[in-house]
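**Q** Here's a structure for you.
The values are calculated or read from the model by the stated rules, or taken from the named source; none is laboratory data. Here the structure is a predicted model, which is why all the values come from computation and not from measurement. Glycine also receives a Cβ, built like all others from the backbone with ideal geometry; neighbour counts cover every protein chain displayed.
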């Protein structure tokens, strides 16, 4: 599972702690992206696979429907949990 989903092509340190920290950071990024994908998928009608979502997200080429779905999902999260979010996007 780690090799398939957490792509870590270069390690920035050689100690055991450095490797664990880098894998932990990759895991956090994966969980956040997966959560954002799952929440946005509910808001949109355009179908994208998770890997396509990640590629388009990082290249800035998400369809407008997905961008507005992300904004709606994040706004809904902020409303539910009482968090203030600055304007984005």
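**Q** Do any helices (runs of 4 or more DSSP H) entirely within the chain hold 2 or more residues that are at pLDDT 85 or above, and if so, which? Give the derivation first.
**A** Values: elements: 2-5, 16-43, 50-59, 64-81.
Of the helices (runs of 4 or more DSSP H) lying wholly inside the chain, those with at least 2 residues that are at pLDDT 85 or above span 16-43, 50-59, 64-81.
Residue-by-condition table, conditions (1) closer than 30 Å to residue 65 by Cβ; (2) surrounded by 12 or more Cβ atoms within 10 Å (Cβ to Cβ):
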residue: 10; (1), (2): no, no
residue: 13; (1), (2): no, no
residue: 16; (1), (2): no, no
residue: 28; (1), (2): yes, no
residue: 32; (1), (2): yes, no
residue: 36; (1), (2): yes, yes
residue: 39; (1), (2): yes, yes
residue: 49; (1), (2): yes, no
residue: 53; (1), (2): yes, yes
